[in-house]
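A.B. asks: Let me begin by handing over the structure; questions about it come next.
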Amino acid sequence: MSNDRPPGEAIRAFFEAAGNENLFPNCPFRRELSHLHEFDAASADRILGHMLGHIIDHRAGQPCRNESGEMISAINQDDIQHELRFIYNDCNNPRLNEDRKSGAELDPADLDSYRSPEYHGFDPEQRGCFGADARAELMAEAIRAYMQNPNYLKMVAPNVAARIRAAVNPNPALNQIIQFN
């Protein structure tokens, strides 16, 4: 059976479904879902992976209140903020990624190569996400990175990897679909 559906249709449909249209409204990638056909395959996969990360975070998370007092569902981020911010910067810092494309050896395991200040501090706040929105972006990106490269995430952020496993693997709404090792 062939799949003639456009890439990302199921993920886009999730965010357009009644009750979900207000989930993660400030995510900078959410507005790109209807334009995936305009991106190269790697960029479209990255956007879809990030948005799937939001869905997994939402489904695996525990009820909590955001800064506005609204009830949301999210994986607990207590004591893992430093690792989450490292992942977000490492995967999204424009200068770091540009230098990697030009062949620079910038391995996250080799901290000496990360000493340059322009390789630090790229956060969701620089994309206009603050508070609960920023935390949602951090976790979605960590989940995307875990799905794409489990060894990377376990190496640079072992506590984040453990937290994701603890939230997703025993969850009956998710564990028949995805498991993190």
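The values are calculated or read from the model by the stated rules, or taken from the named source; none is laboratory data. These numbers were taken from a predicted model, which means no experiment stands behind them. Methodologically, a virtual Cβ is constructed for each residue, glycine included, from the backbone with ideal geometry; neighbour enumeration extends over all protein chains shown. When the accessible area is computed, the model is the full protein with side chains, heavy atoms only, and any ligands, DNA or RNA have been set aside. Shrake-Rupley method; radii C 1.70, N 1.55, O 1.52, S 1.80 Å.
A.B. asks: Once every DSSP H run of n ≥ 4 in the chain is given -39500 (n - 2.57) and the sum is divided by its residues, what mean residue ellipticity at 222 nm do you get, rounded to the nearest 500 deg cm²/dmol?
C.D. replies: The helix-only estimate for the chain comes to -14000 deg cm²/dmol at 222 nm.
A.B. asks: Could you give me the ³J(HN,Hα) list for the range 22-38, computed from phi with Karplus coefficients 6.51, -1.76, 1.60 and θ = phi - 60°, whole Hz, x at Gly and Pro?
C.D. replies: Per-residue couplings from phi come out as 9, 6, 6, x, 9, 5, x, 8, 4, 5, 7, 4, 7, 10, 4, 5, 8 Hz.
A.B. asks: Something else: What's the ranking of 156-166, 31-41 by average number of surrounding C-beta atoms within 10 Å, highest first?
C.D. replies: Packing order, densest peptide first, comes out as 156-166, 31-41.
A.B. asks: Taking +1 at the Cβ of each Lys and Arg and -1 at the Cβ of each Asp and Glu, which of 61, 161, 145 sits farthest along the dipole of the chain towards its positive end, judged by Cα position relative to the Cα centre?
C.D. replies: About the Cα centre, the residue reaching furthest to the positive side is 61.
A.B. asks: A further question on this structure: If you roll a 1.4 Å probe over the chain with all protein chains in place, what percent of the accessible area is carbon or sulfur?
C.D. replies: 51 percent
A.B. asks: Further, regarding this structure: Want the number for residue 35 to residue 82: 0.36 nm per residue separation, take away the alpha-carbon distance, what's left?
C.D. replies: Roughly 13.7 nm would be gained on extension.
A.B. asks: Identify which of the listed values of Cα Rg over 2.2 N^0.38 Å was calculated from the structure shown: (i) 2.14; (ii) 1.75; (iii) 1.04.
C.D. replies: The value matching this structure is (iii).
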